[in-house]
Every structure is written in structure tokens, then in C-alpha cells.
């Protein structure tokens, strides 16, 4: 997980995270199997049979996601839109209605009421969306948008605002069979707002903690009335302000998209994103020379900044052929530029912390394409939906890190804490690195229906290549590496769907994640590998907005890298980590106006090989529980138009290190919301709503530590929002 370390070890261990090299010549892979561009479609019986297949982001579920907290379908686990109750995998979906109902300001807040998910395990850190699934960190390796990975290699990460999203899907357990390298914990797939046939017109403004002012808009629908062949959507947001601890929280983005449907069997959606963010680079707490943790930032908010600019442009194409085949291509180019500087504590003299300045720059250019060919056919009593895929990712990056010596101008006296220092930004004098990565994958998946039985069976071969050229200017040393790795991963599952909506299932899946971390002997560590067994049952009464699930899982990850020497950046393999657990989840509209979202996770995580055998990995809670309820008063009630919600979240205590020497305390939070639809007073105000959301009502500000680095918890946070839709 990206975070700021002290002195010269700041962020540097992250640069050795495994990645994928690519050359632009392989763009031909992306279009080599694209005869769809030259074919014409036909609205015959085959097209009708394929109607459930949808493009992610332009999904027919978009309307459902706006009006219900219970999603019905997902393509995240199979890349084929499939009813959740019929998918033999554990998947949780946060819909647009739930995002708005709880007033989620970040992706972390959007998924924090999901079973199996732990958010912000290192305290409050708005630089990155810290998410763990089933005890495994997916922050950097499980970040997906519209089923394409948002890559991380050095330090910077692509960020996504929840206002851009139609839904957030959490796929639990290994999914390497479809997406290539990744975590055994799973992934988070964020589905963008894209054009719909239904007109959308919305403007809004919000204000909250701390002096946080935000304006946003969302417009879309047919370009001309009565013509659904050309659709558009444009989503935008502008925000200035701070969060707790004087951490900046500025963001501006514009996300336009356009859909063209030349015939009933063809859809082409072009989209883009331009976004600018500013937060702080070191949000860690001060740890004194006698190991006391203070509610004081180690850096200075006036000196500190992290500025990120990101752009994305891509398209989603789908064509149904006359012979029952469907071809889809999902392509995207992404660019990220990051500049950051911060202060860190170096030494102490009594109550005075002597600090030095550090600087970071990071630039990423990523090209990705995923080609899919789908076929539907029968073999006797078996109905098949076969998916064949070829995907390719190319990443090129340049990264630099520098620091200056301790400067008395940056001294900080904890007996008389004052902020407001200024100074120069250090040159990138310690490390400069160019890294290129490429991943090529070939996969196949078969979804089979046999009466009430549902089966999935898939396999994938992945090839990964990475080169890195590193210069250490202050040491007069250069280092180069060229690493090639490959793996075959699988996924299998079976489910039986009873007529009453009960669906027991079992699944097995494996994962693969190449690493380039070096050992003390200067050798490349072996790739991490994971496997999961899963047994569960889902229940969705036919025709209802109720989805219940109970799942037991067993995950093993091998060859997990662990930093052994921060001065030489040497790693060793922690060995093997095993996670066993149970998840219970409910998302339901159980009565008119009443929505319930409940989740409980029991996770027994243990180091089962290598160092610290028998111990629990750091910041991994055993128990996580949450409950959210929201009630909207109906027309017959005198409070018609009012909607109120409340939620509780509990996270049990965690170890501060893998040696299990001390613990972070358990935490308990209470959240609440209220909104009012002024159309209930008078029809002329229809579409005008006001909302108020408060998170962490009790203002709990716990301190969380991991391997000697400590962070502050986010305190009470409030926002008021006014929106108008027409």
C-alpha cells in the first residue's frame, strides 16, 4: 500500500512492485480480430437471443442502479452480464442509489458497508483508496474501471470520484482468469456513468467539512428528441476545500461520452476524462522519540502538497453477427502526472522534531485493449455461452525521488506546535527510474446451463515482461533489470438455482501476480500465487429487490514479498498467508421505502509459511460488521418527502506488525443521513432535493499503526447538498 516512510526510505519500496512492459506495435493485437468493423448487423432471432449481453458502463441496469440498492446483474466475475443469484462467485454491488443515499464522497465510503471489505486500514489517507478484500490488499493491484485495470507501478495512482460512477462492483477472490495479474483477495470494478436513452439533467452544490465547497452536474440522453441512435452524457465536478487535519481535498473533472447505434446489433461508445486533484503527500502522525503517537501531523500543510493530473480516453464497441456471435472491444489510453513534496521527521532534540524535505514525481502512460468473442450454442441438454478473449496492456513510466538534509527552518516543537513553514522543493537527487511493462493474456470461459444447474469453467495464459532502468545520482550507481514471467490460471464453479430463489454454489479460482522485488542476494523473488475455495448460498425471492448471501472461503497466497531492509530496499518472501472466513450480507428493499444493507465478516488470517509462522498479518481485523437502514416516508404519511438513514460500523482490533507485538484498538462508528424532496410540498418544486450526511458522529479519532508508521483516523465529517433534477 502506498504510504510515506521516513527519510530516504520514503515510498521507495513501492518501485519494485511487479508490472507489465508493452510496446505500441502490439496495438495490432487489439484490432487483429476486429472484422466486426467491416460487418453489418441484423435484427434477427440471434440478436434477440443475445439481448441480455450488455456493455459495461452502458448497461441496461443503469436505471435499476438509480432506483434500488439491490443490483440484479453483474459482468464483473465472468465478463458476461449474468444475474447475481445465478453466478457461482461472491460479488457485492454498490448501486448509484446507495452511493447517493449514504452521501459517499470517495470510493472507500462507497464500499465500506460491503461484506469482506476493510477500508482505510491505515487510518485517514486521502491520497489513495485503501481497500482490503478478505484480508488481502487490493489497493494497487485490484483497481479497475469499466473492467480495465487502473495501473500502479511506482507511487501515483489513478483516482475515481464516486459522482462519476453508476455502480461499484466488488469481486471477491482470485479473478486472474479474466484480468491477468492481481491479488488473491479480488478486485474493485468501478462502472462509469455513460449515455442512456433516458434523459438525465442534474445540477448540485454541496458544502461541508472543512470549508469544502463542491459543484457538480450530470447531463445526458438522446442528442435529438425521438432519436435513440445518438446519445450523449457529460458529467463534471469542481471542489475546493480541506478535510480533517488540514489535508487538502481539491478536485476538478470533466467526463464526456458519446454513444452511436448505427443499427440494432452495433453499439459504439466513445468516452473521455480530464481530472485534476490536489491533496497532501505526507498525512502521517508524529511518533515521538519515546514512541508516543500524537494527534499532530508530521508534515506541514502549508509546505506539503500532492498534485495529480490524469486524462483518459477510450471506447467500448459491440457488434452482434448474423450467426449468433458477438464481438466486443474495450480500449483505453490513460495518462497520469504527479508532483509531490512533504516534510518528514529525521531526528529529535528533546521536544523538537528536526525535519527534512522530500520530493516525488511520477508519470504514467498506459494503453490497454480487451477483445472478446462470444458464442451461444447448445450441445444436447446443455446451453453454452462461450467467451474467448485476448487482452494487452502497455505501461511506460518515469519516476523520481529526492530529499534534502535536515533544515532548522523545518523544526517542529511538539510542546508549542505551529504550522506554516515554506521552503524550496528538493531536486530528484536520490532515485530516477524508467520502467516499461507489458501483459498479454489469452483466456476462455464457458458458462453452461443445464436445467437448474449453472456452471462456469475458464482458463487463461498470461505473459508478463518488465524492464526497469534505475539511476541513483547521489550514489553514482545504475541498475537495470529485464524480467519475463508467465502463468496459467483457472476458475471453476457450480450453482443450483431452486425455483424459490435459493442458490447454493461452490467455486475454485487461482491468481498470479509477478514481482520484481530483489532479495539481499540481488535475485528476483518468485511471483506470488493464490488459490481460493469458496462455498456459499444466495437467496433472491423471484421478482423481489432482496438479495441475501452466506459464504465460507479458504484463500492461500504464496511467496508474498516483505521488505526486509529499507536502506538497501531488499525484500524476502514472507512465505505463505492463509485466510479462512465467513461472510454474511443482505441488500434488500424489504418494505415500501425501507432499504436495509447488512454485512458481517469473520476472517481468520494467519502466516502459514516463511517468517512469523502462526502470527496474524498486520492491520487485518478478525471481525468487521456494518448495518445501514434508510426509510423514505410514503405519500400517505405527513412526513412525505422525507428520507432518513443511519448506519453503524465495527472493526475489531488489529496487530500493528506481523511480529504481533502490539495492537491497534477496535473502532466503532455511527453514520447518519437525511434528505427531503421538495416536490412533496408542491409539484412546481419537483426534482429539488436537499440532503445532509454525517459520518463518524461521535468524532472517534483513533490512531492506526503498521510496522512502525502511524496514521490518524478521520474525525467527524459533514456535508449538506442541494440538487435539482428535471
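Quick notes on this one:
- As a summary of the residue check, residue 266 satisfies the conditions (1) farther than 25 Å from residue 202 by Cβ; (2) at pLDDT below 95; (3) over 28 Å from the mean Cα position of the chain (by Cα); (4) surrounded by fewer than 21 Cβ atoms within 10 Å (Cβ to Cβ) except for the one numbered (2).
- Filtered residue count, the stretch 278-298, keeping only those that are farther than 18 Å from residue 340 by Cβ and either surrounded by 23 or more Cβ atoms within 10 Å (Cβ to Cβ) or in contact (Cβ under 8 Å) with a residue 12 or more places away in the chain (or both): 9
- Per-region count, the stretch 178-198, residues at pLDDT below 95 and either closer than 25 Å to residue 715 by Cβ or in a strand (DSSP E or B) (or both): 1
- Checking each residue of the stretch 84-103 against the condition of being assigned to a loop (DSSP other than H, G, I, E, B), surrounded by fewer than 24 Cβ atoms within 10 Å (Cβ to Cβ) and either at pLDDT below 95 or on the phi > 0 side of the Ramachandran plot (or both) gives no match.
- Test result for residue 274, in contact (Cβ under 8 Å) with a residue 60 or more places away in the chain and either crowded, with 19+ Cβ neighbours inside 10 Å or farther than 22 Å from residue 702 by Cβ (or both): no
- When each of 605, 643 is tested for being crowded, with 18+ Cβ neighbours inside 10 Å, in contact with a strand residue (DSSP E or B) (Cβ under 8 Å, 6 or more places away or on another chain), over 24 Å from residue 175 (Cα atoms) and in contact (Cβ under 8 Å) with a residue 12 or more places away in the chain, the lone residue that passes is 643.
Conditions tested, residue by residue: (1) surrounded by fewer than 24 Cβ atoms within 10 Å (Cβ to Cβ); (2) closer than 30 Å to residue 699 by Cα.
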position: 127; (1), (2): yes, yes
position: 131; (1), (2): no, yes
position: 149; (1), (2): no, no
position: 158; (1), (2): yes, yes
position: 171; (1), (2): no, no
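- The one condition from (1) at pLDDT below 90; (2) assigned to a strand (DSSP E or B); (3) surrounded by fewer than 16 Cβ atoms within 10 Å (Cβ to Cβ) that residue 468 does not meet is (3).
- Test: residue 302 is surrounded by fewer than 15 Cβ atoms within 10 Å (Cβ to Cβ), touching a residue at least 60 places away in the same chain (Cβ under 8 Å) and within 27 Å of residue 708 (Cα to Cα): yes
- Test: residue in the stretch 17-35 that is modelled with pLDDT under 50 and closer than 30 Å to residue 719 by Cβ: no
- Residues that are outside any loop (DSSP other than H, G, I, E, B) and without any contact (Cβ under 8 Å) to a residue 60 or more places away in the chain were ranked within the stretch 405-438; the one that is surrounded by the most Cβ atoms within 10 Å (Cβ to Cβ) is 432.
- Residue tally, condition over 26 Å from the mean Cα position of the chain (by Cα), in contact (Cβ under 8 Å) with a residue 24 or more places away in the chain and farther than 10 Å from residue 412 by Cα, over the stretch 337-358: 7
- Condition broken by residue 201, with the remaining ones in (1) part of a strand (DSSP E or B); (2) in contact with a helix residue (DSSP H, G or I) (Cβ under 9 Å, 6 or more places away or on another chain) satisfied: (2)
- Taking (1) in a strand (DSSP E or B); (2) over 12 Å from residue 233 (Cα atoms); (3) in contact with a strand residue (DSSP E or B) (Cβ under 6 Å, 6 or more places away or on another chain) in turn, residue 262 satisfies each apart from (3).
- Residues (in contact with a strand residue (DSSP E or B) (Cβ under 6 Å, 6 or more places away or on another chain) and assigned to a loop (DSSP other than H, G, I, E, B)) located in the stretch 212-245: 241
One line per residue, one yes/no per condition, for (1) assigned to a loop (DSSP other than H, G, I, E, B); (2) free of Cβ contacts under 8 Å to residues at least 40 places away in the same chain:
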residue: 620; (1), (2): yes, no
residue: 628; (1), (2): no, no
residue: 637; (1), (2): yes, yes
residue: 657; (1), (2): yes, no
residue: 679; (1), (2): no, yes
residue: 689; (1), (2): no, yes
residue: 697; (1), (2): yes, yes
residue: 705; (1), (2): no, no
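- Here residue 361 meets the list (1) more than 21 Å from residue 443 (Cα to Cα); (2) touching a helix residue (DSSP H, G or I) at 6+ places or on another chain (Cβ under 7 Å); (3) touching a residue at least 60 places away in the same chain (Cβ under 8 Å) almost entirely, failing just condition (2).
The values are calculated or read from the model by the stated rules, or taken from the named source; none is laboratory data. In this text the structure is predicted, and so the values were computed from the model without any measurement. Backbone-built Cβ (ideal geometry, glycine too); neighbour counts: all protein chains shown.
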